[in-house]
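Colleague: First the structure, which I've put down as C-alpha cells, then a few questions once you've had a look.
The values are calculated or read from the model by the stated rules, or taken from the named source; none is laboratory data. What you are looking at is a predicted structure, and each value in this text was computed from that prediction instead of being measured. Quick reminder, even Gly has a Cβ in these numbers, built from the backbone with ideal geometry, and neighbours come from all protein chains shown. Ligands, DNA and RNA are stripped out before the accessible areas are found, and what is left, the full protein with its side chains, is counted by its heavy atoms. Shrake-Rupley method; radii C 1.70, N 1.55, O 1.52, S 1.80 Å.
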Amino acid sequence: MDNFALPQLNKLLRTLFFKASQVWYVNRITMEPILKATISASFHQSKKELQLQLHDIISDIILDHTLTELHSEHIFKDFVSILPTFLLHSAIHENIIQMINRLVLHHQEWIWNILVEKQDAIVDNAKVIEIIGSEDEKRSRLMICNLFYFVNEQIFY
C-alpha cells in the first residue's frame, strides 16, 4: 500500500460504511466481510498511517448510532467484546484507549462483563503499560482507570 492510495481507501471505506451500508442492508447484502477485513487490517497492518486511519473509521462506526445493521454484525460484536483485553497487554496505542472509552459510553452492555471480571488486572496494568502515540501518558493512564466509573462509579485522579 502506498501513501498515495490511503486517502482513496479512506474515502471508499467511509462511503461504504457510512453512506452505502444502509442501502446494502436493505437489499440483504451483508457488510460483514468488508468490516472483518477492515478490523483485521487495523490490527495486523505494519503501515502505521493506514492502521491509524482504519482505527479512526472503526471508532466512528462505534459512535454512529444510526449504523444499527453494522453494529449487529457478529464480527463487530466480537471485536467490541475483546477490546478491553488489549488493556492487559504490555503496550497499547492511544487510539485504542480512546476507542474503548467511546465504546464504554455508547455500548457499555457489550463489554460490561469483561470490565468487571478484569477490573483489578486492568487497573494494575494501567500503571505499567506502554502507551504508544500519547501526548500525555498520565491522562491516558487515567482514561484507562476511569473506565471503571461506569462499572462502580469510582473515579481516579
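Colleague: It is to be established whether one or more residues within the stretch 49-69 are in contact (Cβ under 8 Å) with a residue 12 or more places away in the chain, more than 30 Å from Arg28 (Cα to Cα) and small (Gly, Ala, Ser).
Modeller: No.
Colleague: Inspect the stretch 66-78 for any residue being modelled with pLDDT of 85 or more and touching a strand residue (DSSP E or B) at 6+ places or on another chain (Cβ under 7 Å) and give the result as yes or no.
Modeller: No: zero hits.
Colleague: Which residues, counting only those in the stretch 89-109, are at pLDDT 85 or above and not in a helix (DSSP H, G or I)?
Modeller: Within the stretch 89-109, His89, Ser90, Ala91, Ile92, His93 meet the criteria.
Colleague: Now for a different question. If a residue has to be exposed (fewer than 10 other Cβ atoms within 10 Å of the Cβ) and of a type in the set (Lys, Arg) to count, how many in the stretch 8-31 make the cut? Write out each step before concluding.
Modeller: We begin by selecting, within the stretch 8-31, every residue exposed (fewer than 10 other Cβ atoms within 10 Å of the Cβ); these are 8, 19, 23, 26-28.
Restricting the remaining residues to those that are of a type in the set (Lys, Arg) gives 19, 28.
Result for the stretch 8-31: 2.
Colleague: Which residues, counting only those in the stretch 110-134, are assigned to a helix (DSSP H, G or I), small (Gly, Ala, Ser) and open to solvent by 30 Å² or more (accessible area, probe 1.4 Å)?
Modeller: Just the residues of the stretch 110-134 that are assigned to a helix (DSSP H, G or I), to begin with: 110-126.
From the residues that got through so far, the ones that are small (Gly, Ala, Ser) too are 121, 126.
Listed by number, the list holds a single entry, Ala121.
Colleague: Same structure, new question: Can you tell me which of (1) open to solvent by less than 60 Å² (accessible area, probe 1.4 Å); (2) more than 20 Å from Arg102 (Cα to Cα) is the one His44 doesn't meet?
Modeller: The single condition His44 does not satisfy is (1).
Colleague: Can you list the helices (runs of 4 or more DSSP H) found entirely within the stretch 1-88 that contain at least 1 residues being under 19 Å from the mean Cα position of the chain (by Cα) and under 24 Å from Cys145 (Cα atoms)?
Modeller: Fully inside the stretch 1-88 and qualifying: 32-44, 48-63, 74-82.
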